[in-house]
Amino acid sequence: MATHMSRCRSWSPVQRYGLAAYRRYSGGGGYPNIPLSSPLPGVPSPTFASVDGLEKSETRITTLENGLRVASQNKFGQFCTVGILVNSGSRHENKYPSGIAHFLEKLAFSSTAQYGSRDEILLTLEKHGGICDCQTSRDTTMYAISAEVKGLDTVVSLLSDAVLQPRLLDEEIEMTQMAVRFELEDLNMRPDPEPLLTEMIHAAAYRGNTVGLPRFCPGDNVDKIDQAVLHGYLRSYYCPQRMVLAGVGIEHEQLVKCARRYLLNTRPVWGEATPTDVDLSVAQYTGGIVKMEKDMSDVSLGPTPIPELAHIMIGLESCSFLEDDFIPFAVLNMMMGGGGSFSAGGPGKGMFTRLYLNVLNRHHWMYNATAYHHSYEDSGLLCIHASADPRQLREMVEIITREFIQMAGTPGE
């Protein structure tokens, strides 16, 4: 007892207050009538982590002497994400075999001048708790790494090496050819047709030009893409003027310093040359229809067969992300919303969008109705993807068309 009392004497006032409160109310007696808005007696005020001033979270941009832009946004945290974004994608492949951007995505973070293999790169990143990824779209290629802030120097050095000095060895290209073939097979076999429908609607809307060119490598081109073809493409599009080094969660001056060290005077593996085959074409909206008929009878595996459905995607030209109308289109896309008819978790999950209320809730035979907005530097597409039994195809098209017409009506609050 004496030992317990001496230990209590060494406690802070807060601990002693808590002990007294426990003794007072643990027997089921009345609790003090203290409103939640007022602080508890004896409890110190909390101190929250904060970033000083709005300027700390604003995007800062610096252009280096070679034309490379460095953009950063400071955020509170232990980790940062840094990436090199290149103005290069499938829309720029008009003078080359289609599929180069797809190949470069798969080849990213393979062996470089500094690192002998992908495993070496991953081991280096592991020391800083880092991961890497590469994604290509129709108009942008992004190499990104997330890691601890203290590993920034290593991260920028690795990004510079991966983008400007990849080895592109024959065995790596062969492995990439196998990976691309597998992805193309998987694309045609998977139950979710959304990636294929997106390809088809772009091909219909911009027939044979810019964003209408295939995002995935066509099967006939897989064997045509080799190191010489890749170097020719990289020489034209992977130049500093078409690149941005962007970072989140990092000091701007620190990122600029690393950019000067690793990206200012680094000579690319394909040699420096003035880009000659740069495609500056503006997207030409043509409109049209692309159809595909598939036999899915042998795809269904397991005890529950996949239902045979007809899928449609109807789209209209919208606007580029540089126009003022981009924000209203983004709001319209959210307002239309939609999704699959199957919902786990029960009601009340916010299914208040137009495609849920007007389509999925009213027509039990509809499996899916989802709105998408694809926006590019010079054009855009607003689409609705819908799925139903093939026997209901005509009615499904009429319902989705009616939703497009009703978009022009005044939306409620």
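Numbers for the structure displayed
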quantity	calculated
Qualifying positions in the range 269-280 - surrounded by 13 or more Cβ atoms within 10 Å (Cβ to Cβ) and under 28 Å from the mean Cα position of the chain (by Cα)	278, 279
Given (1) under 29 Å from the mean Cα position of the chain (by Cα); (2) open to solvent by less than 30 Å² (accessible area, probe 1.4 Å); (3) under 24 Å from residue 287 (Cβ atoms), index of the condition residue 321 fails	(2)
All positions within the range 72-120 that are open to solvent by less than 20 Å² (accessible area, probe 1.4 Å), over 18 Å from the mean Cα position of the chain (by Cα) and aliphatic (A, V, I, L, M)	100, 107
Some residue of the range 209-231 being under 22 Å from residue 381 (Cα atoms), open to solvent by 30 Å² or more (accessible area, probe 1.4 Å) and outside any loop (DSSP other than H, G, I, E, B)	no
Residue count, the range 199-208 (criterion: buried (at least 23 other Cβ atoms within 10 Å of the Cβ) and either in a helix (DSSP H, G or I) or free of Cβ contacts under 8 Å to residues at least 12 places away in the same chain (or both))	3
Scope the range 121-139; condition open to solvent by 20 Å² or more (accessible area, probe 1.4 Å), in contact with a strand residue (DSSP E or B) (Cβ under 6 Å, 6 or more places away or on another chain) and within 17 Å of residue 107 (Cβ to Cβ); matching residues	132, 133, 135
Any chance residue 355 is hydrophobic (A, V, I, L, M, F, W, C), under 30 Å from residue 91 (Cβ atoms) and at pLDDT below 95	yes
Of all residues making up the range 378-413, the number that are assigned to a helix (DSSP H, G or I) and either surrounded by fewer than 11 Cβ atoms within 10 Å (Cβ to Cβ) or not polar (S, T, N, Q) (or both)	15
Verdict on residue 143 being at pLDDT below 95, surrounded by 16 or more Cβ atoms within 10 Å (Cβ to Cβ) and touching a helix residue (DSSP H, G or I) at 6+ places or on another chain (Cβ under 9 Å)	no
Residue count for the range 324-338, restricted to those that are modelled with pLDDT of 95 or more and open to solvent by 90 Å² or more (accessible area, probe 1.4 Å)	2
Residue in the range 186-197 that is hydrophobic (A, V, I, L, M, F, W, C), buried (at least 18 other Cβ atoms within 10 Å of the Cβ) and closer than 30 Å to residue 379 by Cβ present	yes
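The values are calculated or read from the model by the stated rules, or taken from the named source; none is laboratory data. Note that the structure is a prediction, hence the values are computed from the model and not measured. FYI the Cβ positions are ideal-geometry reconstructions off the backbone, even for glycines, and counts take in every protein chain you see. Heavy atoms of the whole protein, side chains included, go into the accessibility calculation; ligands, DNA and RNA do not. Shrake-Rupley method; radii C 1.70, N 1.55, O 1.52, S 1.80 Å.
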